[in-house]
Each structure stands twice: as C-alpha cells, then as structure tokens.
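Student: Structure incoming, see below.
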Amino acid sequence: YRPLFLLMEQVSKIPGAARVFSVISYGEAQYVPTAHNGDGTSSRDQAERIQSARAWKSMQTRGYNEQNTPHGPAGAEFGSGGLFGMLAPYFLASGAVSLGKANAPLLRQDPRIIFVPRVSAFCAVVYLAGLLTNPNYLVPDIPAVKVGWASPSFLTASQRGGDAYLTRHAKFQRQATEVGIDLGQLPPKLSPHEFPGVMPVFDQLVGALPTLGAS
C-alpha cells in the first residue's frame, strides 16, 4: 500500500505523513485492509466492541442519532477495522466537525465501508489533521501521533507523559524499526499548516463513494 500512503501525504500536504501512515497501518492492521477487531470472541474483539459502543454513546451526547447516522448502532457493535484500525462510530463521523453533520460524507454509510482502502485512508488523513490542529492536544514529535491514535486524551496536558503515553510512544518507535522506517529521516514533527481541508481530501482520495463489494 505504499502508493496509497504516498498519495495520502500528497493530498494532505503533511510532509512525512506517508511513512507515519505506513507504521500505523502495520501496527493496527498488518497492512490488511479487511482487518477487523470486533467480529470474534477474543479479548481484543470484545474490548474493541466495548470501545465502539462507548464511542457511539459519546457521540449521542453531541447530537448524533439514528436519523443523521442511521448505521450508528451497527457501528457501536462493530469494533474497529480497516487499514488504520479506526473505531467505526468515529470513522462514520469523519469530517463532521469541519463540515457539519449534514455534509459529513460518511455519516450515512454502512460501517463496513471502512474496508475500502481509499475510504479508510480519507478517515486516517482527517483524523491525523485533527490531532495536529486541535490546541488541546500536544504532539511534540512523530511517535506522539501513535499515542493519539490510541486515544486523543493521552495527548492532553494532564495525561501526556503517563504510562499509557510512554508505552504507545515506545511501541511506535519499535514498529517503525520493524518495517525498516528510519524516523530520523522525517521532520521532527508533522506540520498541518498546508492541510487543504476535509472535502479536497475526500475528493482526491475517494471521489464518489463506492458501493460495498466494489473495488
């Protein structure tokens, strides 16, 4: 999926993002676009379903419901998946903060569309931009991106540097080594200053949404 990761960097205009996305995909999905955590009986599947249920419950306190997000309940039971291991409810809401619920392109979709690589890539780019631009999150270096992938709350001032933060920070560095990516060749931190916005990213990465089962 190297060409896709390079396209994600090109579209997002975030220098160095391609290799960061590669490490994240390796860690979250072993580069398997149909990776799914939540469709089995393992402890991880169960944990991911708990997390997706919590995500949907949290979204409901912010105005998401079965009218504007008809597959929200399915997302709550889905867990996480796709190339980047995104929780299904948050995946569906990609872009809603910037565009509003009426215009968010995935909000009315079946969560299984997460298995389409370019759709998953769109979500990952928007999520990364959100981590880098939110003033409440501290992302001082590239491994901190992986920390925020687990939970943005770990990037807040109160949790930065805690055990959860340090464990995920070290894990990203280890996984980068495993896939042969030298973090020293990347910028010290990722810059979102030229990020073009949600819809330009969607148009270039996805265009028209595919139907399930299409390539």
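Throughout, read-outs are computed from the coordinates displayed, never taken from laboratory work. None of these values were measured; they are calculated from a predicted model. Here the Cβ positions follow ideal geometry from the backbone for every residue, glycine too, while neighbour counts run over all protein chains shown.
Student: In deg cm²/dmol, rounded to 500, what helix-only [θ] at 222 nm does the chain give when every DSSP H run of at least 4 residues adds -39500 (n - 2.57) and the total is split over its residues?
Tutor: Helix-only estimate at 222 nm: -15000 deg cm²/dmol.
Student: Okay, moving on. Can you list residues from other chains, or at least 5 along the same chain, whose modelled amide H is less than 5 Å from the amide H of GLY197?
Tutor: none
Student: What ³J(HN,Hα) values, in whole Hz, does the Karplus curve 6.51 cos²θ - 1.76 cosθ + 1.60 give for the stretch 170-186 when θ = phi - 60°, with x put for Gly and Pro?
Tutor: Ordered by residue, 3J(HN,Hα) equals 5, 4, 4, 4, 5, 5, 4, 5, 4, 9, x, 9, 8, 5, x, 8, 9 Hz.
Student: Give the shape of the chain as rounded, prolate or oblate, defined through the alpha-carbon gyration tensor: a ≥ b ≥ c are the square roots of its eigenvalues, a/c under 1.5 means rounded, and otherwise the shape is prolate if a/b is larger than b/c and oblate if not.
Tutor: It is rounded, given that a/c, with a ≥ b ≥ c, falls under 1.5.
Student: Further, regarding this structure: Just to check, using Stokes-Einstein with a Kirkwood Rh over alpha carbon pairs, what's the diffusion coefficient of the stretch 152-215 at 10 °C and 1.306 mPa s in µm²/s?
Tutor: Stokes-Einstein gives a translational diffusion coefficient of 102 µm²/s.
Student: Given a Förster radius of 25 Å and the C-beta distance between GLN159 and ASP182 as r, what FRET efficiency does 1/(1 + (r/R0)^6) yield to the nearest 0.05?
Tutor: That gives a FRET efficiency of 0.30.
Student: 5 Å is the cut-off here: which amide hydrogens, built 1.01 Å from N in the peptide plane, fall below it relative to ILE181, excluding neighbours closer than 5 in sequence?
Tutor: Correct list: empty.
Student: Additional query: Run the numbers on the chain and let me know its relative contact order in percent, using alpha-carbon pairs under 8 Å that are six or more apart.
Tutor: Relative CO of the chain lands at 23 percent.
Student: Residue by residue through the stretch 11-16, which ³J(HN,Hα) values in whole Hz follow from phi under the Karplus form 6.51 cos²θ - 1.76 cosθ + 1.60 (θ = phi - 60°), with glycine and proline marked x?
Tutor: Result, rounded to whole Hz: 6, 6, 6, 10, x, x.
Student: Something else: Roughly how many nanometres apart are two label points built 7 Å out from the Cα toward the Cβ at ARG54 and GLU77?
Tutor: So the two model labels end up 2.1 nm from each other.
Student: Would you work out if the stretch 1-99 is rounded, prolate or oblate? Take a ≥ b ≥ c from the square roots of the eigenvalues of the alpha-carbon gyration tensor; rounded if a/c is under 1.5, else prolate when a/b is larger than b/c, oblate otherwise.
Tutor: Oblate, since a/c reaches 1.5 and b/c is not below a/b.
Student: Would you mind checking which residues have amide H under 5 Å from ASN37's amide H? H placed 1.01 Å from N; only 5 or more apart, or other chain.
Tutor: Long-range HN contacts for ASN37: SER80, GLY81.
Student: Just to be sure I understand the model, the point goes 7 Å from the Cα along the line to the Cβ. What's the resulting SER191 to THR61 distance in nm?
Tutor: Between SER191 and THR61, the simple spin-label model gives 3.7 nm.
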